[in-house]
Amino acid sequence: MEEHDVAAIDPKLKEAENGGGNSINSISKEDFGKLLNGCDHYRRRCKLRAPCCNQIFTCRHCHNEATSALSNPNERHELVRHEVKRVICAVCDTEQQVSNICSNCGVKFGEYFCNTCKFYDDDTSKEQFHCNDCGICRVGGRENFFHCQKCGSCYSVGLRGNHLCVENSMKNHCPICYEFLFDSIKGTTIIKCGHTMHTDCYTDMLNQDQYRCPICSKSVLNMSRTWERLDQEIEATAMPEEYHYEVLILCNDCNTTGKAFFHIFGHKCGHCNSYNTRVISNGENHQ
Ligand SMILES: [Zn+2]
Ligand SMILES: [Zn+2]
Ligand SMILES: [Zn+2]
Ligand SMILES: [Zn+2]
Ligand SMILES: [Zn+2]
Ligand SMILES: [Zn+2]
Ligand SMILES: [Zn+2]
Ligand SMILES: [Zn+2]
């Protein structure tokens, strides 16, 4: 009878569930409900007691979404993650001090747990890690990132010694959607000029044929092909006699001023050949 019961369990399935070898009880207690609980943002087996408003939310994003929707603007606020002191077990509902194991039922609140950020996530495929310099947890694997002290943020290792540092570049809002970049859960792109924005917002911007940084107006891509095409178009399209005059221009790309013949298609910087310029004076005879 007993032998029959054991044989009925697929041996491979059993091994996968138990991690191989360990007794069912010691494993299943901590792993109970793993990946099955959470919110739109994270898989986790606890909720947070918000220290600010004393209400219960699954994560700080849930809190911030709920409070930013409040009709009274004075009640809108953001949860400070480091200040969370108490959590509520999602399995047995026991409220307790922040830790990673429920003091009542023994379930693990999160496969990944950061005691600094009071951050829990059962989905470790995101490769979470805590950066001491940033003071927050990030995703993508510690070995794939380095902390740039000047920019004040973690960047992918490919950018080490290979990007223009802008002091506290990430402690800004995305110039497209205005979300704060530093702890955004969306991916971020550093553009040639060193300014940063969401990768998705950057792609949208290029799709709308915007090739200037919205912060400093420098070209975000190598535009030399476009400039060559403009050279040809301008050469082929002479301006009428009465428009033959020079204008004073400022180049957005190299920041130098210079003169160029007025043309409706654009004005070329004599210094770096860019047409990403603006007219700052219409010449002496033409105001
Ligand atoms: Zn959430
Ligand atoms: Zn519990
Ligand atoms: Zn952390
Ligand atoms: Zn960092
Ligand atoms: Zn930097
Ligand atoms: Zn954005
Ligand atoms: Zn810029
Ligand atoms: Zn220039």
Inset, instruction - Inspect all residues belonging to segment 68-78 and state whether any of them is among the aliphatic types (A, V, I, L, M) and surrounded by 13 or more Cβ atoms within 10 Å (Cβ to Cβ). - result: no
Inset, instruction - Assess whether Phe146 counts as being in contact (Cβ under 8 Å) with a residue 12 or more places away in the chain, aromatic (Phe, Trp, Tyr) and either assigned by TED's automatic domain parsing to the domain that holds Cys269 or assigned to a loop (DSSP other than H, G, I, E, B) (or both). - result: no
Inset, instruction - Starting from residues that are assigned to a loop (DSSP other than H, G, I, E, B), touching a helix residue (DSSP H, G or I) at 6+ places or on another chain (Cβ under 7 Å) and not basic (Lys, Arg), keep the ones in segment 112-143 and report whichever is farthest from Phe57 (Cα to Cα). - result: Val139
Legend entry - Answer from Gly141, Gly110, Gly135, Gly106 - the residue that is crowded, with 20+ Cβ neighbours inside 10 Å and over 30 Å from Gln210 (Cβ atoms): Gly110
Inset, instruction - Answer yes or no: is there a residue in segment 185-201 that is within 16 Å of ligand 1 (Cβ to nearest atom) and either in contact with a helix residue (DSSP H, G or I) (Cβ under 8 Å, 6 or more places away or on another chain) or assigned by TED's automatic domain parsing to the domain that holds Arg142 (or both). - result: yes
Inset, instruction - Would you be able to say whether some residue in segment 179-197 is within 24 Å of Arg278 (Cα to Cα) and within 16 Å of ligand 4 (Cβ to nearest atom)? - result: yes
Inset, instruction - For segment 169-197, name all the residues that are part of a loop (DSSP other than H, G, I, E, B) and within 10 Å of ligand 5 (Cβ to nearest atom). - result: Ser169, Met170, Gly194
Inset, instruction - Evaluate the following for Asn104: is it within 16 Å of ligand 3 (Cβ to nearest atom) and over 18 Å from the mean Cα position of the chain (by Cα)? - result: no
Legend entry - Looking only at segment 232-287, and only at residues there that are acidic (Asp, Glu) and in contact with a Lys or Arg (Cβ under 7 Å, 6 or more places away or on another chain), the one that is farthest from ligand 5 (Cβ to nearest atom): Glu246
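The values are calculated or read from the model by the stated rules, or taken from the named source; none is laboratory data. The shown structure was predicted, so the numbers you read here are calculated from the model rather than taken from an experiment. Don't worry about glycine lacking a Cβ; one is built from the backbone with ideal geometry, like all the others, and counts go over all protein chains shown.
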